[in-house]
Amino acid sequence: MADEHFAVQQLRAFPDQPGPPDRVWELVSAYGPDLAGLCQASGRLVPGVSGIGLSAGSPVTGPRLRFASDDTSFLLEDLQLTMDEGPRRDAAATRRPVVAADLTTGSWRQRWPQFTPAALDAGVRAVVALPLRVGGVRHEGAVNLYRRRPGGLNGTELAAASAFAAAAAELLTLDDLDLNLTDAFTRGRRGGTCLSAGATPIIAGSSVAAGSSAVLSVCWFDVTTLATVREQVRVECAGQGLAGDGLYVFVLAVYEAMTNVARHGGGHGQLLLWWHADHLWCEITDHGPGIPSTCLPARSPGTSLLGGRGLWLIKRACTSCKVTTDATGTRLLLGYRLDHLPSASTTPHL
């Protein structure tokens, strides 16, 4: 019972938001887009654990082993996938952390009749499983943190583990886009995690051939870099042939979305800009508290409503707008078709 009470206390210590947003984006920018690079640094990034395993996939394909830091972690990850039991499965199903601070006590053997004895035989006394859920997106799987001594995680270890799991989830989400992100991440890292105020924007490259795909820019921003990133977006979009009112409204919509992140979405965010199928696409992601349903209006909210007008105007300015949001953050995917000619009624002044 004492172990289960401790586990409840540990669960309450995990916030819905995935750790400090600035720390999560630092990890994404430093190690992305390569999930393996982040995982290989896990021994330095997550203190207080003996091993780390990560299994993830989609609801359709199910999870598969993506990383194990050592032979014991590999054994326990493989066992969970084979037997479909254990902390990974429970964390993914409940979308909440699972904390087993001492596998020799409580009801852990009854809960996981095959995993628990195997873990103890391998010298593991405690395990913490963190769901891969961030920015409104959930992956089927979890990060498992294994310990050779009983006990949960202290405050510093909790924060580090939460940030690591969130960064891993973000890199998995980027991987699902099926884009070549390596060069864009290299360019985005030149100025550090967030572009410094007054930094010179990246000069737009050559225009992309019709029917192809190319990542134009990735960067991480806060309130001090909004204007710099807006100019970078403008240069990149102009370089792909967007001009006139189309350029004006799309860049303004992107800027409004970034401003919402700075004000309401945790203060830090990521911007990814790419070209595909005669469209410019821009994804803006934050790890704030999510957008309330009252701020997702289907029609103009009017000037009397405190929230929602900015998002409504963003939707009017773009040819497509997809909003994904929950308690772990928000992801806005804005699209603009290059042959679209905005009318005066759809040219908002945000």
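None of the figures in this text is laboratory data; all of them are computed from the coordinates on show. Every value quoted in this text rests on a predicted model; they were computed, and no experiment measured them. Ideal geometry is used to build each Cβ from the backbone, glycine not excepted, and the neighbour counts take in all protein chains shown.
For the range 40-90, the square roots of the Cα gyration tensor eigenvalues, ordered a ≥ b ≥ c, give a/c of at least 1.5 with a/b greater than b/c, which places it in the prolate category.
The alpha-carbon atoms of the range 2-176 define a convex hull whose volume equals 98 cubic angstrom per residue. Could you tell me which of rounded, prolate or oblate describes the range 42-123, using a ≥ b ≥ c as the square roots of the eigenvalues of the alpha-carbon gyration tensor, with rounded for a/c under 1.5 and, failing that, prolate when a/b is larger than b/c and oblate otherwise? Verdict is rounded for the range 42-123.
May I ask you to compute the full-extension gain from VAL235 to ASP78, defined as 0.36 nm times their residue separation minus their alpha-carbon distance, rounded to one decimal in nm? Mind dumping the intermediate values first?
Values: separation 157, 0.36 × 157 = 56.52 nm, distance 4.77 nm.
Gain in length upon complete extension: 51.7 nm.
The overall shape of the range 79-130 is oblate: from the C-alpha gyration tensor, with semi-axes ordered a ≥ b ≥ c, the ratio a/c is 1.5 or greater and a/b is no larger than b/c. A Förster radius of 25 Å, combined with the Cβ-Cβ distance separating ALA227 from THR156, puts the computed FRET efficiency at roughly 0.10. Karplus-based coupling profile of the range 135-149, in residue order and whole Hz: x, x, 10, 10, 10, 6, x, 6, 9, 9, 10, 9, 10, 8, 10, with θ = phi - 60° in 6.51 cos²θ - 1.76 cosθ + 1.60 and x standing for Gly or Pro.
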